[in-house]
Structure formats: structure tokens, C-alpha cells
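Below is one structure, written out as C-alpha cells; comments come after it.
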Protein chains: 2
Amino acid sequence: MTQNSAEIFPAHDGGPALDPDLLTGLAKLAVHVGLNLQQGQDLVMTTPASALPLARAITAEAYRAGAGLVTPIVSDRDMTLARFHHAQDASFDRAPDWLYDAMAKAYENGAARLALVGEDPFLLSHEDASKVGRANRANAAAYRPALAPIAGFHINWSIIACPTPDWAQRMFPDLAPQAAFDLLAQAIRMTARLDQPDPVAAWAAHNAHLAQRCARLNDARFDSLHFRGPGTDLRVGLADGHFWQGGASVARNGVRCNPNIPTEEVFTTPHAARVDGVARATKPLSHHGSLIEDITMRFENGRVVEARAARGDEVLQDMLSTDDGAARLGEVALVPHSSPVSRSGHLYFNTLFDENAASHIAMGQCYASCLEGGDGLSKEDIAARGGNESLIHVDWMIGSAQMDVDGLHAGGDTVALMRAGEWVDF
Amino acid sequence: MTQNSAEIFPAHDGGPALDPDLLTGLAKLAVHVGLNLQQGQDLVMTTPASALPLARAITAEAYRAGAGLVTPIVSDRDMTLARFHHAQDASFDRAPDWLYDAMAKAYENGAARLALVGEDPFLLSHEDASKVGRANRANAAAYRPALAPIAGFHINWSIIACPTPDWAQRMFPDLAPQAAFDLLAQAIRMTARLDQPDPVAAWAAHNAHLAQRCARLNDARFDSLHFRGPGTDLRVGLADGHFWQGGASVARNGVRCNPNIPTEEVFTTPHAARVDGVARATKPLSHHGSLIEDITMRFENGRVVEARAARGDEVLQDMLSTDDGAARLGEVALVPHSSPVSRSGHLYFNTLFDENAASHIAMGQCYASCLEGGDGLSKEDIAARGGNESLIHVDWMIGSAQMDVDGLHAGGDTVALMRAGEWVDF
């Protein structure tokens with residue numbers, strides 16, 4: 001699961017026109033499946049300027065669904081770049097805390113939250129890394145009050161993607177702009193299940209399917225998982241009282257919503273001290289505008305004891321040394337190789353998509369909602385159960401068509417969960 | 001002087017490309033003349049999506065000038081229309097108070113404020129008038145905390161215009177879109193003095209000229225003004241301790257700024273009980289999306305006793321009956337007929353321009369800053385001096401090339417101020 005962060009990587013407006021059917025389809029999914037927006041509920045919608053066509057379609061659909069007031073908060077790639085190119089040094093420690101506090105206020109007053117993504121994933125890749133880091137840190141600190149009700153699932157919220165020319169060009173640098181854009185638009189359509197006759201019904205069926213998987217995994221109460229594939233032989237202990245989640249969930253305001261569209265994973269909290277063996281990445285990892293390729297890691301007693309990457313190794317080492325928890329797992333997720341995102345065959349450089357292409361593990365912070373007792377647990381409770389704590393949460397992909405996954409009971413029984421990347425009905 | 005209201009009439013993005021020189025020129029004026037943005041000062045910039053090209057140029061210039069952080073607040077015509085077309089009835093009493101409170105907070109913390117205008121002036125002219133009215137009232141009430149530091153001149157602020165296709169098409173409905181847009185862009189260039197070799201220097205000279213006019217008028221301490229022209233023979237008593245203003249002023253945070261670009265007027269507070277005679281409009285008045293033409297009014301003891309318009313008479317009567325103060329004057333302003341806005345020969349349907357084309361009077365609320373003692377005065381003090389109070393402030397134009405204006409001293413001496421629409425050096 002990926003959470004919306006404050007948008008510091010916004011993108012361009014203008015460019016190729018979007019298919020109105022795609023906009024309408026995405027808007028309906030965002031309002032009725034992603035958010036399940038309630039009669040009279042306000043909506044705060046962050047959007048890059050480049051995604052304004054979708055923001056407009058969503059606004060219309062939200063009002064049709066009975067929205068109180070829809071308020072856009074727009075970021076813009078040129079304004080972001082202007083800061084990095086022209087601002088004085090002191091600017092990079094500033095953030096619009098007044099705006100984030102206001103968003104938090106809107107959520108407290110009952111508003112739902114939608115984040116549109118479509119930013120150029122490498123917008124700041126040529127900017128001064130220390131300025132980018134400082135700006136991100138200042139922004140993350142200021143954003144905390146607006147993130148808390150999302151992270152704590154106080155309100156219904158969702159993230160959905162809009163095809164944009166900048167993003168498409170990064171994914172398909174060898175194609176002409178229009179062809180790249182069309183290919184991204186087609187991929188977003190397919191992964192959002194808009195190629196199905198009734199997409200809303202398709203999502204209901206998909207949610208039911210994921211819920212059933214979670215129920216079976218929760219009933220089974222596995223002690224650990226065993227991943228086997230080319231370069232991977234990894235045992236991942238699960239946290240005490242771990243809880244599997246996936247698809248739609250009920251927020252604390254009582255509204256069932258789909259925080260990510262698309263979503264294909266079921267995921268839970270591993271035990272921070274019980275991960276052993278080796279894992280090898282099956283896809284490149286896009287991290288803060290850099291690409292990390294061919295990651296391999298060896299774990300002992302939950303901790304990474306050896307890690308390297310054929311490309312981007314420095315970024316990887318830097319990431320793993322963020323804090324103690326950065327070298328331990330915070331999430332384990334199962335995704336079949338036949339998922340629509342995987343079938344699209346693309347690397348999106350965006351976690352909303354890439355984490356739904358393959359089974360994955362995440363370094364860093366765990367989700368408290370994946371522990372029984374959930375959001376009511378103290379930090380100490382979470383740690384006692386084996387939940388990991390860190391400033392980072394970085395997913396990387398280990399699943400493939402060659403991946404087998406077993407569930408291991410404490411007594412030693414083994415149950416086949418996935419074979420050759422696909423679910424086995426256990 | 002016009003104040004930025006919360007934007008409920010936003011406009012379109014896309015459309016014809018803007019001349020980069022025009023954008024750069026406007027951006028320099030906005031940052032260095034309009035705002036006089038200070039080193040390290042944050043900037044809150046409201047903009048219609050259609051004015052994003054100018055917003056981007058201003059952001060770059062603001063950072064070059066040492067801005068701390070520039071934060072855009074974007075409105076969008078299609079999102080606004082979507083609300084009027086699709087929202088349930090209860091939506092029209094809602095407003096984003098959380099966002100306006102946040103803007104107020106940013107100003108308290110030292111941010112400057114820039115409003116970009118470029119909206120279609122008739123965007124909502126075909127929408128349900130009662131919904132528009134309710135939405136405007138709800139918005140105005142919620143906007144109050146963010147308006148107070150502007151109206152009270154606590155911070156440096158400014159308004160500047162961006163040419164947009166929607167606005168151009170309303171001004172020049174008989175022209176092709178590109179021709180209309182070019183004509184508006186040319187008019188904005190000229191009225192912003194960007195046709196001068198050094199526009200910033202030209203504004204410094206213009207400000208000095210307006211300051212000199214104000215100083216002379218303030219020294220003269222006229223009891224009243226006498227306007228004579230075709231259809232107009234009006235004596236406008238001036239408030240006790242009235243104070244003439246125009247051009248750049250010093251905000252309470254100590255920063256000298258130009259709240260309106262363009263600005264051509266010098267203006268002061270009339271006496272609400274001492275206006276007598278007849279006045280005839282020399283230009284149509286664009287009011288809340290309606291056009292009111294050929295206004296004539298007769299005043300007795302400050303109050304309108306007879307008013308009619310050849311077109312839009314109902315709107316006029318409705319406006320005058322808003323409250324008791326709506327039928328009395330709150331501002332009188334002198335503008336030479338040779339002002340650049342007047343010379344452009346266009347009707348802009350936007351007060352930022354239209355009030356700078358001709359000498360004018362305004363029905364309704366007075367500016368406390370145009371009284372000696374200014375913003376420290378109580379409501380009672382202001383009323384005792386002759387300052388008017390109303391919920392409205394509507395400027396209408398009475399100046400022309402045929403207008404003569406005299407200043408009258410209490411003793412009966414008469415001084416010629418304007419002849420045939422131009423200043424006389426008194």
C-alpha cells in the first residue's frame with residue numbers, strides 16, 4: 001500500500017488531449033470505488049496541473065454524487081523547478097505548513113481526500129541533491145498533520161493516476177510523445193479495469209476476491225512465509241497477531257474505500273527480528289528520482305547483513321543506513337504474476353503501479369493497521385509484536401513467474417500459497 | 001481602488017501561447033512594483049488555471065528576488081461550472097473556510113499576497129441567480145479573515161491581470177479567438193506601461209506623479225468637488241479630514257507596494273450626506289455578470305433620489321436597495337481622459353481596468369484609509385466624518401473628454417482641477 005505524500009514532484013499541464021471516456025471512467029472509479037464519497041461530504045483533491053483534465057472530470061462526478069464542496073490544491077512542475085533554479089538557500093528549509101494544517105482541518109471537519117498522481121518521476125533528478133533532500137524533509141515535517149488522518153485511516157481517501165505527457169516520456173523514452181502518451185493511457189485504462197464491461201462491478205468482485213484471500217490467510221495464522229525463486233530463498237517471519245489486508249477497507253469514519261487504484265496486493269506486517277536468507281529484485285526500483293537495479297540482500301535475524309545493487313548501489317546503501325529500522329522489513333505483500341499491472345509489462349516509476357506488479361517486501365516502517373488491535377496500539381506494543389519502525393518505507397519487488405511461496409505453520413506444516421507466481425487455492 | 005475578492009469566477013487553461021516578453025515584463029512588475037516583495041518573504045498567489053503561464057513567470061521572478069516560498073492557490077472555470085451544473089442544493093451555502101483561514105494565517109506569518117485576474121467576467125451569467133448569490137454570500141463570509149489583512153493594508157499585496165482567451169472573447173465577441181486574444185494582450189501590455197523603455201522606472205515616475213497630485217489635493221483641503229459634463233452636474237462634498245490616495249502606498253508591515261496594476265486614479269472619501277445634483281455614466285457598468293448601460297442618478301443630501309438605466313435597470317435598482325448606504329457614495333476618484341486604460345478604448349468588464357479609464361464615483365462602502373487617522377478609526381468616528389457604510393462598493397464612470405472638475409473651498413473659492421478630462425496644474 002502506498003500513502004500520498006505532499007506533492008513536491010508536480011508536472012505539466014497542456015499536451016495531448018485525453019480520451020473523454022477514459023476521464024469519465026477514471027472519475028467514476030475515483031468517486032464511487034476509490035473514495036466512496038458520501039452524500040454532502042466535502043472533498044480535498046491535490047493534483048498536479050498536468051492532471052487538471054482528470055481533476056475536472058472528478059469534480060463533476062463528485063458533485064453528481066452529492067459532494068458538498070470540492071476544493072483543488074494544485075501543484076505545478078514549472079513552479080517547483082523555478083524554486084530549485086532560482087531560490088535563495090534559505091528557501092529550501094521552508095514548507096507551506098499553513099496549507100497542510102488547513103488540509104488537516106478540512107479532514108477533521110469530515111472532508112475526504114483524493115490525490116491525483118501523474119508527475120514526472122524524475123523531475124528533480126538533475127537538481128542539487130542536498131537542496132532536494134532539505135526541501136523534502138521540511139515538507140515532510142510540515143505535512144505531518146495532514147498525513148496523520150490518512151496514515152491513521154480516520155477518513156476515506158484514495159490515490160488515482162492521470163496519464164500525463166511528462167510521465168509517459170519517462171516510461172517510454174524511445175517513443176514519440178503521442179505514442180508514449182497513448183501507451184500510458186492504455187496501461188492506466190487496463191490496470192484500472194476500465195477495459196471490463198462494468199468497471200465498478202469488476203472492482204467489487206476484485207475487492208471480494210482480495211477479501212477472501214485475506215480471510216484465508218488470517219484464518220491460517222502462518223508463522224512465516226518462504227519465498228523461492230531465481231536468486232531468492234527467503235523466510236519472512238510474520239509479526240505476532242499480524243493481520244492481512246487488501247483491497248477495500250473501512251476507514252474510522254465508517255466509510256469503506258479503496259485507498260489505491262489500482263491495487264492487487266494482500267499485505268501484512270513481518271516480524272522485524274525473524275527474516276533470514278537472500279532476496280533478489282525482479283524489477284528495478286525507482287527511489288527519489290534514481291533507479292536502483294539488480295538489488296540483492298542477505299538477511300540474518302531480521303536485519304540486512306549484506307546488500308548490493310548493480311546500479312544505484314550508493315543510493316541503496318544510503319537508504320539502508322537512514323536508521324536502524326531501515327535495514328529491516330516493514331511489509332510483505334503477495335501479488336500474482338498475472339495481475340493487470342504485471343501483464344502491462346511496464347515499469348511506471350511510481351509505487352502506486354510498480355508495487356502491484358509483483359510480490360514485494362518493504363524496508364522500514366510497518367503498518368499498525370496490519371496488526372490485530374491495529375491503530376490503538378502504542379509504539380511499544382507494536383515493537384513487542386515484531387512491528388518495525390523507521391522513517392522510510394520502501395517497497396521492492398521480488399515476485400516473478402518463477403516465484404513459489406509457502407506458508408509455514410509454527411509446528412512445521414507447510415502450505416503452498418503460490419506456484420510459478422500464481423495463487424494456489426490452499 | 002479594487003480589492004481582491006475570493007475567486008468564484010475562474011477561467012480556462014490552455015489556449016493561445018503568450019508572448020514570453022509580456023510574461024516576463026508582467027512578472028517583473030508584479031514582483032518589484034506591485035508587491036515590492038522582500039528578501040525571504042513568502043508569497044501566496046491566487047490564480048485562475050487559465051493564468052498559470054503568468055503564475056509560473058511570477059514564481060520564477062519571485063524566487064530570483066529572494067522569495068521564501070511561493071504557494072499557488074488555483075481556481076478553475078470548469079470546476080466552478082461543474083458545481084453549478086451538478087451539485088445538490090446544500091452545496092451552495094458552503095465555502096472553503098479552512099483554506100481562507102489558512103491564507104489569513106500565512107499573512108499573519110508575514111506572507112505577501114498576489115491575485116492574478118483573467119477570469120471570464122460572465123462565466124456564471126447563465127447560472128441560477130439565486131445559487132450564484134448564495135455561493136457568493138457563503139464565500140464572502142468565509143473569506144472575511146483572509147480579506148481583513150488586505151482591506152486593512154496589514155501586508156503588501158497586489159492584483160495584476162493575465163490575458164486569457166475567455167476574457168478576450170467577452171471583450172471582443174466579433175473577433176476570431178486569436179485576434180481577440182492578441183488585442184487583449186496588447187492592451188494589458190500598454191496599460192501596464194510595458195511599452196515604455198524601462199517599465200519599472202516608468203511606474204516609479206507615475207507613482208511620483210500620483211503622489212504629487214495627492215499632496216496638492218491634500219494641501220488644498222477642498223470642501224467639495226464640482227463635476228460638469230454632458231448629463232452631469234454634480235457637487236460631491238468631501239468627508240471631514242478626507243485624505244487623497246493614489247499609486248504606491250506603504251502597508252502596515254512597512255513595505256511600499258502598488259495594490260493595483262494598472263492604477264491611474266487618485267481617490268478619496270466623499271461625505272455621505274453632502275452630494276447633490278445629477279450624474280450620467282460615460283461607460284457601461286459590468287456588475288455581477290450583467291451589463292448596466294446609460295445610468296443616470298439624481299442625488300439630494302447625499303442620497304440617490306432617482307436612478308435609471310437604459311439597460312439593466314432592474315439590476316441597478318436591486319443594487320441600490322441592498323442597504324441604506326448603497327444609495328450613497330463611498331469613493332470619488334479622478335482619472336485623466338488620457339490615461340493608458342482610457343486610450344486603449346476598450347471595456348474590460350473588470351474593475352481593475354475599467355475604473356482606471358475615467359473619473360468615477362462608487363456607491364457604498366468608503367475606504368477608512370482615505371480619512372486622516374485611517375484604519376484606527378471606529379465605525380462611529382468614520383460615520384461622524386461623513387464616511388459611508390454599506391455591504392457593496394460599486395464604481396461607475398462619469399469622466400470623459402468633456403468633463404470639467406473644480407475644487408471648491410469652504411469659503412466659496414473655486415479652483416479648476418480638470419478641463420476637458422485632463423488635469424490642470426492648480
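Residues in the range B:206-247 that are basic (K, R) and in contact with a strand residue (DSSP E or B) (Cβ under 6 Å, 6 or more places away or on another chain): how many?
As a first pass, look at the range B:206-247 and keep what is basic (K, R): B:213, B:216, B:221, B:228, B:235.
If we keep only those that are in contact with a strand residue (DSSP E or B) (Cβ under 6 Å, 6 or more places away or on another chain) as well, we get B:213, B:228, B:235.
Within the range B:206-247, residues that are basic (K, R) and in contact with a strand residue (DSSP E or B) (Cβ under 6 Å, 6 or more places away or on another chain) number 3.
Do you know which residues across the range A:28-57 are surrounded by fewer than 23 Cβ atoms within 10 Å (Cβ to Cβ) and among the small types (G, A, S)?
Hit for the range A:28-57 is A:G40, nothing else.
Going through A:D375, A:D395, A:D413 one at a time, which residue ends up being surrounded by fewer than 16 Cβ atoms within 10 Å (Cβ to Cβ), in the same structural domain as A:S342 (by TED's automatic domain parsing) and under 23 Å from the mean Cα position of the chain (by Cα)? Spell out how you get there, then give the answer.
Details: A:D395 fails: surrounded by fewer than 16 Cβ atoms within 10 Å (Cβ to Cβ); A:D413 fails: under 23 Å from the mean Cα position of the chain (by Cα).
When all the criteria are applied, what remains is A:D375.
Hey, among A:A115, A:A106, which residue is touching a residue at least 60 places away in the same chain (Cβ under 8 Å) and within 13 Å of another protein chain (Cβ to nearest Cβ)?
Values: A:A115 fails: within 13 Å of another protein chain (Cβ to nearest Cβ).
Only one candidate qualifies: A:A106.
Among the listed residues B:A310, B:A281, B:A326, identify the single one that is farther than 27 Å from B:I150 by Cβ, of a type in the set (A, V, I, L, M, F, W, C) and touching a residue at least 40 places away in the same chain (Cβ under 8 Å).
Numbers: B:A310 fails: touching a residue at least 40 places away in the same chain (Cβ under 8 Å); B:A326 fails: farther than 27 Å from B:I150 by Cβ.
B:A281 is the lone residue from the list that is farther than 27 Å from B:I150 by Cβ, of a type in the set (A, V, I, L, M, F, W, C) and touching a residue at least 40 places away in the same chain (Cβ under 8 Å).
Where in the range A:252-370 are there strands (runs of 3 or more DSSP E), lying wholly inside it, with at least 1 residues that are buried (at least 24 other Cβ atoms within 10 Å of the Cβ)?
Details: elements: A:266-268, A:270-280, A:285-287, A:290-292, A:296-300, A:303-308, A:329-334, A:360-364.
Correct list: A:266-268, A:270-280, A:285-287, A:296-300, A:329-334, A:360-364.
Counting only residues that are surrounded by fewer than 22 Cβ atoms within 10 Å (Cβ to Cβ), facing chain A (nearest Cβ under 8 Å) and over 15 Å from A:G68 (Cβ atoms), which one in the range B:74-95 is nearest to the chain's Cα centre (by Cα)?
Per the stated criteria, the residue is B:D78.
Take the residues in the range A:116-146 that are among the charged types (D, E, K, R) and more than 20 Å from the chain's Cα centre (by Cα), then tell me which one is surrounded by the fewest Cβ atoms within 10 Å (Cβ to Cβ).
Of the range A:116-146, the ones among the charged types (D, E, K, R) are A:119-120, A:127-128, A:131, A:134, A:137, A:144.
Restricting the remaining residues to those that are more than 20 Å from the chain's Cα centre (by Cα) gives A:127-128, A:131, A:134.
Values: A:E127: 16, A:D128: 12, A:K131: 17, A:R134: 16.
Step by step, filter the range A:116-146, then rank; the result is A:D128.
For the range A:27-41, state whether one or more residues are more than 7 Å from chain B (Cβ to nearest Cβ), outside any strand (DSSP E or B), among the hydrophobic types (A, V, I, L, M, F, W, C) and under 20 Å from B:D89 (Cα atoms).
Of the residues in the range A:27-41, the ones more than 7 Å from chain B (Cβ to nearest Cβ) are A:27-39, A:41.
Next cut, outside any strand (DSSP E or B) only: A:27-39, A:41.
This time we only want the ones that are among the hydrophobic types (A, V, I, L, M, F, W, C), so: A:27, A:29-31, A:33, A:35, A:37.
Remaining after also requiring under 20 Å from B:D89 (Cα atoms): A:31, A:37.
Within the range A:27-41 (the criterion being more than 7 Å from chain B (Cβ to nearest Cβ), outside any strand (DSSP E or B), among the hydrophobic types (A, V, I, L, M, F, W, C) and under 20 Å from B:D89 (Cα atoms)), the answer is yes, since at least one residue qualifies.
Determine whether the range B:257-275 contains at least one residue that is more than 25 Å from B:H206 (Cα to Cα) and under 18 Å from the mean Cα position of the chain (by Cα). I'd like the intermediate steps shown before the answer.
Restricting attention to the range B:257-275, the residues satisfying the condition of being more than 25 Å from B:H206 (Cα to Cα) are B:271-275.
From what is left, the residues that are under 18 Å from the mean Cα position of the chain (by Cα) are none.
Scanning the range B:257-275 turns up no residue that is more than 25 Å from B:H206 (Cα to Cα) and under 18 Å from the mean Cα position of the chain (by Cα).
Which members of the range A:133-150 meet the condition of being hydrophobic (A, V, I, L, M, F, W, C) and in contact with a Ser or Thr (Cβ under 9 Å, 6 or more places away or on another chain)? Give the steps one after another, and end with the answer.
The initial filter retains those residues of the range A:133-150 that are hydrophobic (A, V, I, L, M, F, W, C), namely A:135, A:138, A:140-142, A:146-148, A:150.
The answer is A:A135, A:A140, A:L147.
Hey, any hits in the range A:42-59 for a residue that's out of contact with any Pro (no Cβ under 9 Å at 6 or more places or on another chain), part of a loop (DSSP other than H, G, I, E, B) and at the interface with chain B (Cβ under 9 Å from one of its Cβ atoms)?
Scanning the range A:42-59, I find no residue that is out of contact with any Pro (no Cβ under 9 Å at 6 or more places or on another chain), part of a loop (DSSP other than H, G, I, E, B) and at the interface with chain B (Cβ under 9 Å from one of its Cβ atoms), so the answer is no.
Among (1) closer than 30 Å to A:N36 by Cα; (2) touching an Asp or Glu at 6+ places or on another chain (Cβ under 8 Å), which single condition is A:R298 missing?
For A:R298, the exception is condition (1).
Identify the single condition in (1) more than 7 Å from chain B (Cβ to nearest Cβ); (2) within 23 Å of the chain's Cα centre (by Cα); (3) surrounded by 24 or more Cβ atoms within 10 Å (Cβ to Cβ) that A:A62 does not satisfy, given that it satisfies every other one.
Among (1) more than 7 Å from chain B (Cβ to nearest Cβ); (2) within 23 Å of the chain's Cα centre (by Cα); (3) surrounded by 24 or more Cβ atoms within 10 Å (Cβ to Cβ), A:A62 violates only (2).
Before we move on, is A:D174 over 21 Å from the mean Cα position of the chain (by Cα), surrounded by fewer than 16 Cβ atoms within 10 Å (Cβ to Cβ) and either more than 28 Å from A:R94 (Cα to Cα) or of a type in the set (F, W, Y) (or both)?
It is true that A:D174 is over 21 Å from the mean Cα position of the chain (by Cα), surrounded by fewer than 16 Cβ atoms within 10 Å (Cβ to Cβ) and either more than 28 Å from A:R94 (Cα to Cα) or of a type in the set (F, W, Y) (or both).
Looking at B:R274, B:R298, which is the one that is in contact with a Leu (Cβ under 9 Å, 6 or more places away or on another chain), farther than 28 Å from B:N156 by Cα and basic (K, R)?
Details: B:R298 fails: in contact with a Leu (Cβ under 9 Å, 6 or more places away or on another chain).
Going through B:R274, B:R298 in turn, the sole match is B:R274.
Out of all the residues in the range A:205-239, which are more than 23 Å from A:G421 (Cβ to Cβ) and loosely packed, with under 15 Cβ neighbours inside 10 Å?
Across the range A:205-239, the qualifying residues are A:D219, A:R221.
Name the one entry in A:D93, A:D13, A:D78, A:D42 that is at pLDDT below 95 and either under 16 Å from A:T164 (Cβ atoms) or charged (D, E, K, R) (or both).
On inspection, the qualifying residue turns out to be A:D13.
Every residue in the range A:378-404 that is of a type in the set (A, V, I, L, M, F, W, C) and more than 17 Å from A:L329 (Cα to Cα), please. Let's see the steps before the verdict.
Taking the range A:378-404 as the starting set, the residues that turn out to be of a type in the set (A, V, I, L, M, F, W, C) are A:382-384, A:391-392, A:394, A:396-398, A:401, A:403.
Selection gives A:A401, A:M403.
Of (1) in contact with a Leu (Cβ under 7 Å, 6 or more places away or on another chain); (2) modelled with pLDDT under 95; (3) not hydroxyl-bearing (S, T, Y), B:A102 satisfies all except one. Which?
Among (1) in contact with a Leu (Cβ under 7 Å, 6 or more places away or on another chain); (2) modelled with pLDDT under 95; (3) not hydroxyl-bearing (S, T, Y), B:A102 violates only (2).
Here is a list of conditions, (1) within 22 Å of the chain's Cα centre (by Cα); (2) closer than 11 Å to B:H337 by Cβ; (3) of a type outside the set (A, V, I, L, M), and B:R419 meets all of them except one; can you say which number that is?
(1)
The values are calculated or read from the model by the stated rules, or taken from the named source; none is laboratory data. It should be emphasised that the depicted structure is a prediction, and the values quoted were computed from it without experimental measurement. Here the Cβ is made from the backbone with ideal geometry for all residues, glycine too, and neighbour counts use every protein chain on show.
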